[in-house]
1. Evaluated at 25 °C with a viscosity of 0.890 mPa s, what Stokes-Einstein diffusion coefficient in µm²/s does region 422-496 have when Rh comes from the Kirkwood expression over alpha-carbon pairs?
2. Can you give the charge dipole size of region 246-306 about its Cα centre, rounded to the nearest 20 debye, using +1 on the beta carbon of Lys and Arg and -1 on the beta carbon of Asp and Glu?
3. In the chain, if the dipole is taken from +1 on Lys/Arg beta carbons and -1 on Asp/Glu beta carbons about the Cα centre, which of PHE407, ILE138, TRP755 is farthest to the positive end?
4. For the chain, what is the charge dipole size about the Cα centre, in debye to the nearest 20, if Lys and Arg each add +1 at the Cβ and Asp and Glu each add -1 at the Cβ?
5. Considering only DSSP beta bridges where both residues belong to the chain, give the percentage that are antiparallel (nearest 5).
6. Taking N as the number of residues in region 96-163, what value does Rg over Cα atoms divided by 2.2 N^0.38 Å take?
7. With all distinct Cα pairs included, what does the Kirkwood hydrodynamic radius of region 163-241 come out to in Å, to one decimal, could you say?
8. Averaged over all directions, how much area does the convex hull of the C-alpha atoms of region 263-404 cover when projected, in nm²?
Amino acid sequence: MTTRLRLSALTILLVASVSSAPAADEVAPPVNERFKAAASKEVPNFQRHVVPLMGRLGCNGRACHGSFQGQGAFRLSLFGYDFAADLAAVTGGDTPRVNRKSPTESMILRKPTLQESHKGGKRMAADGWEYNLLHLWIKAGAVGAKEKEAAFAALDVEPKEIVFGKAGDTAKLRVIAKWADGTREDVTPLCRFRSNDESVANVNLTGVVTATGKGDTAIVVFYDNGIAPVPVLLPVSDKIWANYPAVPTPTKLDELVVAKLRKLGIVPSDLSTDEEFFRRLSLDLTGTLPTAGEVRAFLASTAADKRAKKIEELLASPEYAAWWATKISDFTGNSERTGPLGGEQALNREKAGQWYDWVHRRVRENEPYDKLIAGIALAVGRRSEQSFADYCGEMSSYFRKTKPTDFSARDTMPYFWTRRTLGKPEEQALAFAHAFLGVNLQCAQCHKHPYDQWTKQDFDQFTAFFSGVRYGLGPRADTLAMKKGTELEKLDEDSGVYKRKFVDLLAAGTVLPFKELHVPASQKPRPGTKPGVKVGGRVLTPKLLGGEEVVNATYSDARQPVVDWMRDAENPYFAKAFVNRVWANYFGAGLIDPPDDLNLANPPSNPELLDYLASGFVASKFDMKWLHRTIVTSRTYQLSWRANDTNRSDERNLSRAVLRRLPAEVVYDAVVMATASDPERKRLDAEPAGLRAIGRSSGFAGSRLNDTYAVMLLGKPVRLTNCDCERSNEPALLQTVYLRNDPEVLKLLDRPEGWLKQVAKDKTTVPEELVQQAYLRTLSRLPDDRETGIAKKYLTDAKDTQSGLRDLLWALINTKEFIVNR
């Protein structure tokens, strides 16, 4: 075996409870040694030994007694997060699973050894250490954990990283649990193990890892509430360490990428051509196809720093602000479809536009990301010093037809909280964690998260920050007085007539009553009362995810502690979540993928790189342009998509550009712009936020009667759920049919303000020039000699230049090269 083992510890700090252990300077031997003999005098601990063993045997899994229904009238908490409930389930009820008077007659021993019928099959041997452990625990009284036992503190896994030499090599993991009092124990036999990619490595029940193929993955270790990933690599070639060729690393980002490639024996591709770089950059950074003139000018430039200059030019462009306002609107949930019902329902499309405008203004001004998000997370409707009448006057002014007030100038943006899908604190907690932390808490809403440290108690305590946040009616008397004398006075708010009249009156300048966002203040507990807030009938102390409880503190806004914690430089999620989403935009996958699923069992493909970017983003004071610039100026971003022998299969480690289908709005805009006349293109470029699919309409619902139908068909997210996966860049048959045959596409080709009409008016008939223009407009490159020859012949043989050029333009729009970013 030629396996290389690096034996430093991987520490994941977590919180749980366990009992006694050996002295702090010792490591207790594993339980398979200590309980090998049935006559052992040691008493197993329920939390430290019994519950993890049931997890390893699969007893508390979702397919067995951990399911919501349980099995055979016996239910355990899923993955063993509720120790008190599990103890009660095992020792109590109508059919106790333990028999303290006659331990060997206990069902928990007889069924998994098949001494009695067991649908789960045989889980352990009657003469094995697992049986002895459970038997000794029952014999000692089958007691739970003591109230003052040391808390679980950390999980160490050895080795820290495994680098294999060849397929079939093996390595044994050793897992050490640590407790708050300093005691330690080898818990390897009690752990569950999982491979994130079995085509690279698999792992058996005892923690033996076997290399199965070339590449890299992670083996994930589970014990109690601890989760630790261990990187596993098998080089894809012999070009490793001393055999690795010299590769330029002009930036720190490149150094971190190549450091991993060097271990894997993967050599990065060459740099992209200028044509490839410019098209890729323009589409990624601004969501915009470059013009033919821009491509020609970039190719003609001989400046050594022309790529860096183009990056700065595009960062300052209106298209950059338009596209990234849409990207931020994606994960924050800006959608016409989720607006409130009732009298204001007819305003939902305009509210979605105002939401976009608010974000767009801050992206355009490069407001720090943390401040932008704070303006959403701490949004209010009525300000503390504002009367209800003044509040309604302000809201009404945003919707009047003549000189409406600029909504984007508001300090905060409340529509995140006024969505009807966020009516409950639980829904608010889920949306908040997804949008701003990149964390999926949905599983923890009901049970222990299977791949992270979050328990239902963690979820409930985090939810407590949002208890009382609601969108509802203002003062009843003021509301009725404001309607009095108007056409709304006697109408039902839910009627269509009311909704239409509401819009018409606002457009005419009438001040009407609006619902308001109610946000409670955090209060100090009264003497003698339990600190916390009521959530679902229980009093819970608000607690930050993986952080501290927030007690005895007074805030003007109960959400303030969460936002303060998010903006702290040491926060483990906030900066990484945005960095990871931005990275996914440029490379087609996040360093953590999916990009909105930051959890302990889903480690980054390059942890050092993610840490570098996140810490740099914080150090830049959350400067979004710093992040974009750092990524796109790197050699890694500018690599060619053309593979070499070592990286042909690599789509994970950044050794080459991966071909990606363009996002829905970008595809649609590309068709519009490729077929537009030069004057029409200038008009679209002058106001991308208002006139382009990448702009204000991104939050609008789709309809076959308007342009939004096309972008929905192409995979634009509807923004109804807490999942970045709503955006789909996967190809589909209807998309192909749309681009080839849809009347809308054919209409774009033939429209009066289109390029074909411009060519007809200009009477341009030089075939070679027309061919070059068509290629530059669609593929952002000049045709090669073969392509030029074929296209020129087609134009010459066509019944007229106009029809031949139309066919050529249509054909280029329907190439794979047009719809992908390369």
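1. 162 µm²/s
2. 260 debye
3. Result: ILE138.
4. On the way: 113 positive and 102 negative charges, 225 e Å.
In total the dipole reaches around 1080 debye.
5. Here the antiparallel bridges make up roughly 95 percent for the chain.
6. 1.50
7. By the Kirkwood definition, the hydrodynamic radius is 13.3 Å.
8. Numbers: hull surface 58.0 nm².
Value for region 263-404: 14.5 nm².
The values are calculated or read from the model by the stated rules, or taken from the named source; none is laboratory data. Remember, predicted model here, so these are calculated numbers, not experimental data. Counting neighbours? That spans all protein chains shown, and the Cβs are built from the backbone with ideal geometry, glycine included. The accessibility values were calculated without ligands, DNA or RNA, using every heavy atom of the protein model including side chains. Shrake-Rupley method; radii C 1.70, N 1.55, O 1.52, S 1.80 Å.
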